[in-house]
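The values are calculated or read from the model by the stated rules, or taken from the named source; none is laboratory data. Please read all numbers here as calculations on a predicted model, not as lab measurements. Here the Cβ positions follow ideal geometry from the backbone for every residue, glycine too, while neighbour counts run over all protein chains shown.
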Amino acid sequence: MQWLSKSWILLAVVVCGLAMVGCDDDKSNTVTPPGVDLNRNYVQIERLGNPLVSEVLFAKRDHGHHNATGPADDQANFTDDVETFVTTVAGRDTTVANTLSGVLLPDMLIVDTSKARGDAGWLTWALNPGVGCGGRTRTEDVVDAGLGALFGTVISTDPDTTTCLASDNVDANDVPISTGAFPYLAAPH
């Protein structure tokens, strides 16, 4: 009987020892897929938070600078670009220009996870304070919303707005978007 109790103690010690080895912080036993360098420095290639921001509002020569910096630097680096485009190319007043630069910079999507996801919508958090959780839905026409903010009546009811530029005339995806599992979009074609 005594050997049975010693066997249980020995078994308990072995199990505890194995458990402690499994909790080790040493990553040397981690399996790394072939060709993956864990010490690699990744380089950001393109930064596209909000649709049309860098593509429309910044001069082409500034795209590399925008991609190489982070959102924390956007207001200092690009406020003048946004406001100049809005007042000169779009022909809007400074109030609309100031509103757009305040809403679009920093160039990142903002999502308030404390709100219902059914209220998702591009710039809802800024254009309708207290309504919407931000982000954007898969079917939302963010290009029309952006053009409407720049050239249409989304922000201002100014009768001099150029509403003919407030749509890209693409009102739906060319193939149905999947309602199932990831990747959620339509199959490539």
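I'd like to know if segment 105-117 contains one or more residues that are more than 15 Å from GLY146 (Cα to Cα), of a type in the set (Gly, Ala, Ser) and either assigned to a helix (DSSP H, G or I) or at pLDDT below 90 (or both). Break it down into steps so the answer makes sense when it comes.
First, pick out the residues of segment 105-117 that are more than 15 Å from GLY146 (Cα to Cα): 106, 110-117.
Add one more test, that the residue is of a type in the set (Gly, Ala, Ser), and what stays is 114, 116.
Keeping just the survivors that are either assigned to a helix (DSSP H, G or I) or at pLDDT below 90 (or both) gives 114, 116.
The answer is yes; a qualifying residue exists.
Would you be able to tell me the number of residues in segment 52-92 that are in a helix (DSSP H, G or I), under 16 Å from the mean Cα position of the chain (by Cα) and under 17 Å from GLY146 (Cα atoms)? Write out each step before concluding.
Kept after step one, since they are in a helix (DSSP H, G or I), are these residues of segment 52-92: 53-57, 60-68, 71-88.
So of that shortlist, the ones also under 16 Å from the mean Cα position of the chain (by Cα) come out as 53-55, 66-67, 71-72, 74.
Now restrict to residues that are under 17 Å from GLY146 (Cα atoms): 53-55.
Residues flagged as in a helix (DSSP H, G or I), under 16 Å from the mean Cα position of the chain (by Cα) and under 17 Å from GLY146 (Cα atoms) within segment 52-92 amount to 3.
Modelled with pLDDT of 75 or more and on the phi > 0 side of the Ramachandran plot: is that true of ASN169 in this structure? If you could, list the steps in order and put the result at the bottom.
Values: modelled with pLDDT of 75 or more: yes; on the phi > 0 side of the Ramachandran plot: yes.
It is true that ASN169 is modelled with pLDDT of 75 or more and on the phi > 0 side of the Ramachandran plot.
Just give me the residues in segment 118-143 being over 23 Å from ILE177 (Cβ atoms), part of a loop (DSSP other than H, G, I, E, B) and either touching a helix residue (DSSP H, G or I) at 6+ places or on another chain (Cβ under 7 Å) or among the acidic types (Asp, Glu) (or both), in sequence order.
Keep residues of segment 118-143 that are over 23 Å from ILE177 (Cβ atoms), which gives 125-131.
In the following step, the residues that additionally are part of a loop (DSSP other than H, G, I, E, B) were identified as 128-131.
Passing the criteria: only VAL131.
Conditions tested, residue by residue: (1) modelled with pLDDT under 90; (2) more than 22 Å from TRP122 (Cβ to Cβ).
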position: ASP24; (1), (2): yes, yes
position: GLY35; (1), (2): yes, yes
position: PRO71; (1), (2): no, no
position: THR87; (1), (2): no, yes
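Of all residues in segment 133-151, how many are among the hydrophobic types (A, V, I, L, M, F, W, C) and at pLDDT below 80?
As a first pass, look at segment 133-151 and keep what is among the hydrophobic types (A, V, I, L, M, F, W, C): 133, 142-143, 145, 147, 149-151.
Filter again for at pLDDT below 80, leaving 133.
Qualifying residue count, segment 133-151: 1.
What are the pairs with Cβ atoms under 6 angstrom where one residue, in segment 84-104, is closer than 14 Å to VAL154 by Cα and the other, located anywhere, is surrounded by fewer than 19 Cβ atoms within 10 Å (Cβ to Cβ)? Sequence gap at least six, or different chains.
So the pair list comes out as VAL96/SER156; ALA97/THR87; VAL103/ALA126.
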